[in-house]
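> Below is one structure. I have some questions about it.
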Amino acid sequence: MKETTTWVVADPDQEDMFWPSEAMKQRAWMSDPSIYEESDKDPVAFWEKLAREGLHWYKEWDTAYNEAPPYFTWFQGGRLNASYNCLDRHVKTWRRNKVAIIGVREPIDEPAQSLTYYDLYREVNKFANVLKSLGVGRGDRVSIYLPMIPEAQIAMLACARLGAPHSVVFSAFAPDSLRSRIEDAGSKVLITCDGYYRRGRPVNLKNNADDAVEGTTIEDVIVFRRTGQEVNWVEDRDHWWHELMAEADPYCEPEVMDSEETLYILYTSGTTGKPKGVIHTTGGHMVQAHWTTLWDFDLHDEDVFWCTADIGWVTGHTYNVYGPLSVGATQIFFEGAPDFPDRSRVWQIVENHGVTVFYTAPTLIRMFAGWGDEWLKKHDLSGLRLLATVGEPINREAWMWFFNKVGGGRCPVIDTWWQTETGGTLINALPGIGPFIPTVAGRSFPGTRHEILDEQGNPLGVGEGGLLVQKSPFGPGMLRGVYGDPEMYKDNYWTEYGDRTYYTGDGARLFIEDNFRITGRVDDVMKVAGHRLSSAEVENAVCGHPQVAECAVVAAPHDIKGTTPYAFVRLSEGEPSEELAKEIITHVVKALGPTCRPEKILFADALPRTRSGKIMRRILQRLVSDEPIGDTVTIENPESVDTLKALVGYRDKS
Ligand code: WT7
C-alpha cells in the first residue's frame, strides 16, 4: 500500500523545525495541544482517566496516587492482570485473528512466523501452566535468557499471567552477568534455549546458561529448541519446552494482581559495579506502556510497528511486549542482524512486511548512513509514516538522514527520551502535535513534569544547561524501588535534590520553551551504541586481569556509537604491549559480554588522583573528549595530566 499523504510540513521561519500536516493531525490519536495544559492542571485525575479508558480492571483502585517520599504508589487497590490486558481482551473481539507478532527469522530462508492474538493467547496459557507445574506462583521470580524469538514474549506474558515477576537478561551477556542477576533476584526457574543464529552461524546459549546456574537458586531450566544443536543436559533440572508444552492444559486463569504488585524486575547498570534490579509494577507500567505506545507511535489497526530493541532491554519490554500488545497492534520481532546477509536486510523487512512505524537507535541510524544510501534505494520505503529513536542523543546529521532518506521527508521523527527506570517514554514530541526538531526530544509526556536545575537546585530557563529532573506527581510507569536494595534506590535517585525530586543522571537544556534537548549522562554511566554500561563494572572486569594494578574507564566520543569505553590502565607487572592490551580486552568480554568491550587500553604510569587517593575520572573524561581540563588544583599529581595529554593526543577544543 502506498502512502501518498505528506505527514509533516517544515516551518518556513525556522530552519529544521517541522510540524504535523493537516492529514497527520486528523489521523493522529492525539493532536490537541491543549492536552498539555489540561493534564497539568490535575495530573492524577488525568492518569486516572487514562487508566480507566486504556485497561481492563477487575476492580477499580482505592487510592489513585500516594506519596511517602521517596516512595509513591499508583492505583493502589486496583486489580488487573497484564497478560489479560495484552491477550484475553483482544481475543474477545475481532482482533482474535489479527496478527500480533511477525517473527522474522534467521536463517534467512526460514519463513517468518506469524502469530495471531489467538495463537499467542494459547501459547501463553499453556506456558503459564507449564510454569505452574514447576511450582511457579505469584511473587516467584523467573529469569529469562532468550534471543529475539517469539518464545521470549510468550515466556514473559506467561509469568505476568501467574503474577511471577520476570527478570529478562540480555542474551549476549556473559554467564557471570546472568549468574549475578539470577542470584540477586533469587529466581527459581530459568528459561533459555539451545542456541540461536547469528549471521548464519548457530551460537550455543545453553552452555552459558549452564555455567551461570551452577550453585544458584535455580531449580529448573526450561530449554526451547531453536537450532537443534547438541547441548549438555542435567537430568531432573533441564526440561525441553516442547515436551512440557505437549502436556500442558490450554487455559490458565490469570492471577488477579494488585496494581502495585511487581510485574517485572529489569537489571540495569548504575554508577556502582553492581547492576540494579529496577522494579516495575503492574498497573502503573501497563498504563504508561499503553498510552505512550498509542500516542507516541500513533498505532492504528492497519499499522505494522517495528521496534528494533532487544528484549533484554527495557525498550524491548515496553515496546515489544506490553505496549503494542495492550493496544492490539501488529509488530515485527526480528531475530537476525541488520547486515546479514547484506546491508539492505532492514529495508527489505520494512518493504516485505509493510512496516509503517519504525523505532530504532541513533547508533543504528549512523551506521546505516555510513553504509551509504544504495542499500535503501533498492527498497520501497513509501509505506513508512512515522519514525522514532531512543537510547542516546541523536546528532543533527543522523536525524536529517533518517528524516530525508528513510522517511522520504514525509514522516515525523519522534526522539523519545526515557530510561529503564521510567518504564516508558517521558520526553518527546507527539506526532499529531509537534514540533519535530533535530537534536531536541520535545515536551514532557502529558501528566508528567520535568525541569532543568542548576547544581543548587534552581530551575533554569531556555538555553541554560543543567541537570534533568522529574517533579511530583511521578509518572505511573516509574520504578518503585531497586530489588533488595532500598539504600541504592535512595542514593541513586533521591539524594541529589532531596526525596521529592527524581534525579535522572542526564544533562539537558531547554531549546525553546517546554522543549528539552538531552545532552547525555553526567554521572559514571556510559551509553555505548545505546547500551547502558557502568564505568565501575567495566573497571572491575579490567582489574580482574592479573597484571592490572588499577584502572579507570571513561566514555570517549565515537562517530557511530556515540561514545565508547577507553580504559586507562596501570600495570602491576610486565610491560605495555599491543598483545597485553588485546588480552585485557578479551578478559573483559569474557567477564561481561561483547557490549562491554573497551575500545582502547591506554597504559599509563600514573593516573590523576585526589589527595585522598581517588582516581579523577572526570579529568580523564575531559582528556579523551578534547574538553577543557579546568581547574587542576585539586589534583594531587597534576604532572600526570601532561603525560596523559600526549598519550591520548589531546587537543583542547576551547
Ligand atoms: C539513558 C537511559 C530508554 C530506553 C533505552 C535506554 C539516554 C535515552 C535518549 C534520548 C538522549 C537518551 C539517557 C538516559 N537516552 N533516550 N532520546 N536522547 N539520551 O534506557 O539503558 O536505561 O538508558 O539513555 O542518557 O538516561 P537505559
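The values are calculated or read from the model by the stated rules, or taken from the named source; none is laboratory data. Small disclaimer: the values here were computed from a predicted structure and weren't measured. Heads up, the Cβs are rebuilt from the backbone with ideal geometry, glycines too, and the neighbour counts pull from every protein chain shown. Keep in mind that these areas ignore ligands, DNA and RNA; they rest on the heavy atoms of the full protein, side chains included. Shrake-Rupley method; radii C 1.70, N 1.55, O 1.52, S 1.80 Å.
> Ser34 to Arg618: extension gain in nm, 0.36 nm per residue of separation minus the Cα-Cα distance?
Stretched fully, the Ser34-Arg618 segment lengthens by 206.0 nm.
> In what sequence, largest accessible area first, do Trp291, Trp94 appear using a 1.4 Å probe?
Largest to smallest exposure gives the sequence Trp94, Trp291.
> Another question, if that's okay. Rolling a 1.4 angstrom probe over the protein chains, ignoring ligands and nucleic acids, what is the accessible area of Arg52 in square angstrom, nearest 10?
120 Å²
> Let me ask something additional. Just the number, please: percent antiparallel of the DSSP beta bridges in the range 529-648, rounded to the nearest 5.
Taking every DSSP beta bridge within the range 529-648, about 75 percent pair in antiparallel fashion.
> Roughly how much of His56 is accessible, in Å² to the nearest 10, using a 1.4 Å probe?
60 Å²
> Gap in Å between the Cα centre of the range 190-245 and the Cα centre of the range 106-145?
15 Å
> Pull out a ≥ b ≥ c, the square roots of the eigenvalues of the alpha-carbon gyration tensor of the range 529-648, then state rounded if a/c is under 1.5, prolate if not and a/b is larger than b/c, and oblate in the remaining case.
oblate
> Which value at 222 nm does the chain reach when only helices count, each DSSP H run of 4 or more adding -39,500 (n - 2.57), with the total divided by all residues and rounded to the nearest 500 deg cm²/dmol?
The helix-only estimate for the chain comes to -8000 deg cm²/dmol at 222 nm.
> Within the chain, which whole H helices from DSSP have a Cα span along their axis of at least 20 Å and a mean Kyte-Doolittle hydropathy of -1.0 or more, if any?
117-133, 282-297, 578-592
> So how exposed is Arg89, as accessible area in Å² (1.4 Å probe, rounded to 10)?
The accessible area comes out at roughly 50 Å².
> Give the ranking of Glu464, Glu539 by solvent-accessible surface, highest area first, calculated with a 1.4 Å probe.
So the residues, ranked largest to smallest area, are Glu464, Glu539.
> Here is a follow-up. Taking the DSSP beta bridges in the chain as the whole, what percent of them are antiparallel, to the nearest 5?
60 percent
> How much accessible area per residue does the chain have, in Å², with a 1.4 Å probe?
Value returned for the chain: 38 Å² of accessible area per residue.
> Let me ask something additional. Filter the trypsin sites (Lys or Arg not before Pro) in the range 206-273 down to the DSSP loop ones having no more than 16 other Cβ atoms within 10 Å, then list what survives.
Hits after loop and neighbour filter: Arg225, Arg237.
> Moving to a separate point now. Using a 1.4 angstrom probe on the protein heavy atoms only, could you order Val304, Val256 from most to least accessible area?
The ranking, largest first, comes out as Val256, Val304.
> Treat every Asp and Glu Cβ in the chain as -1 and every Lys and Arg Cβ as +1, leave all other atoms uncharged, and give the resulting dipole magnitude about the Cα centre to the nearest 20 debye.
Roughly 740 debye for the chain.
> Carbon-plus-sulfur fraction of the accessible area of the range 34-187, 1.4 Å probe, in percent?
Taking all protein chains in place, the range 34-187 shows 48 percent carbon and sulfur surface.
> Accessible area of the range 363-500 with a 1.4 Å probe: how many percent of it is carbon plus sulfur?
The C+S portion of the solvent-accessible surface of the range 363-500 is 48 percent.
> Tell me, what is the percent relative contact order of the chain, built from C-alpha pairs under 8 Å that lie six or more residues apart?
13 percent
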